[in-house]
Amino acid sequence: MIGSPPISLATVDDIVELARLRWELYAEQDGEPPEPLEDYVERFARFARPALASDAWRSWVARDGGGLVAAMWLQTVPRVPVPGKRAGPIGYLTNVYVAPEHRNAGLGAQMLDRVKTWCREHGYSLVIVWPTERSRSFYRRGGFGRLDEPLVLTLEADAPFGR
């Protein structure tokens with residue numbers, strides 16, 4: 001796409017910007033988080049530094065000028081071998097965010113295509129995502145469909161700190 005910010009894989013040098021994007025995602029979704037961005041960056045970095053250095057996580061980002069304007073994270077979930085069949089890994093796509101000023105211009109679709117191509121090239125069996133109501137149409141346009149509903153056991157619901 002002409003004029004679209006360049007897309008690349010994130011590195012540990014992107015951690016502060018990746019944290020900012022995730023913080024903005026939740027600020028947009030839920031209202032301003034009760035945790036200051038500076039505190040969140042520290043906590044996020046403790047996750048992201050080893051994640052990005054591993055083979056288990058990848059993050060694609062789009063850069064515009066001095067900062068990141070979009071990110072998509074993919075976690076690799078290895079599968080137990082299946083007798084007589086190839087059982088490629090499962091990709092868990094999460095933390096998908098495009099800054100408001102870059103939406104509806106094809107950047108998200110371009111990034112999603114990059115992730116899907118990478119997964120095909122690396123033998124993944126499927127990619128799963130838990131979309132929000134607002135993002136369902138985006139994923140449908142990207143080729144995602146429904147399977148039978150997964151069963152979920154909630155052990156401890158996400159809750160604000162201090163509860």
Look at Arg120 and say whether it is open to solvent by 40 Å² or more (accessible area, probe 1.4 Å) and either within 18 Å of the chain's Cα centre (by Cα) or of a type in the set (Ser, Thr, Tyr) (or both). yes
Specify the residue that is farthest from the chain's Cα centre (by Cα); the eligible residues are those in the range 62-74 that are open to solvent by less than 30 Å² (accessible area, probe 1.4 Å) and more than 19 Å from Asn104 (Cβ to Cβ). Gly67
Which numbered condition Asn95 fails, given (1) open to solvent by 50 Å² or more (accessible area, probe 1.4 Å); (2) touching a strand residue (DSSP E or B) at 6+ places or on another chain (Cβ under 6 Å); (3) on the phi > 0 side of the Ramachandran plot: (1)
Hits in the range 2-33 - residues which are open to solvent by 30 Å² or more (accessible area, probe 1.4 Å), of a type in the set (Val, Ile, Thr) and not in a helix (DSSP H, G or I): Ile2, Thr11
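One line per residue, one yes/no per condition, for (1) under 28 Å from Pro160 (Cβ atoms); (2) at pLDDT below 95; (3) outside any strand (DSSP E or B):
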| site | (1), (2), (3) |
| --- | --- |
| Glu35 | yes, yes, yes |
| Asp39 | yes, yes, yes |
| Phe47 | yes, no, yes |
| Leu52 | yes, no, yes |
| Arg58 | no, no, no |
| Ala62 | no, no, no |
| Met72 | yes, no, no |
| Thr76 | no, no, no |
| Tyr97 | yes, no, no |
If we keep just the residues of the range 140-153 that are open to solvent by less than 100 Å² (accessible area, probe 1.4 Å) and modelled with pLDDT of 75 or more, which is nearest to Met111 (Cα to Cα)? Gly142
Of the numbered conditions (1) open to solvent by less than 90 Å² (accessible area, probe 1.4 Å); (2) out of contact with any helix residue (DSSP H, G or I) (no Cβ under 9 Å at 6 or more places or on another chain); (3) farther than 20 Å from Arg20 by Cα; (4) not aromatic (Phe, Trp, Tyr), Arg79 satisfies every one except a single condition; which is it? (1)
In the range 98-109, which residues are open to solvent by 50 Å² or more (accessible area, probe 1.4 Å), farther than 15 Å from Arg134 by Cα and touching a residue at least 40 places away in the same chain (Cβ under 8 Å)? Ala105
What pairs come out if I take residues in the range 119-138 that are at positive phi and pair them with residues that are part of a loop (DSSP other than H, G, I, E, B) and not basic (Lys, Arg) whose C-beta lies under 9 Å away, six or more apart or interchain? Gly123/Gly88; Gly123/Pro89
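The values are calculated or read from the model by the stated rules, or taken from the named source; none is laboratory data. Given the structure is predicted, the values throughout are model-derived calculations rather than measurements. Note: ideal-geometry Cβ built from the backbone for every residue, glycine included; neighbour counts use all protein chains shown. Just so you know, the surface numbers come from the protein's heavy atoms only, side chains and all, with ligands and any DNA or RNA stripped out. Shrake-Rupley method; radii C 1.70, N 1.55, O 1.52, S 1.80 Å.
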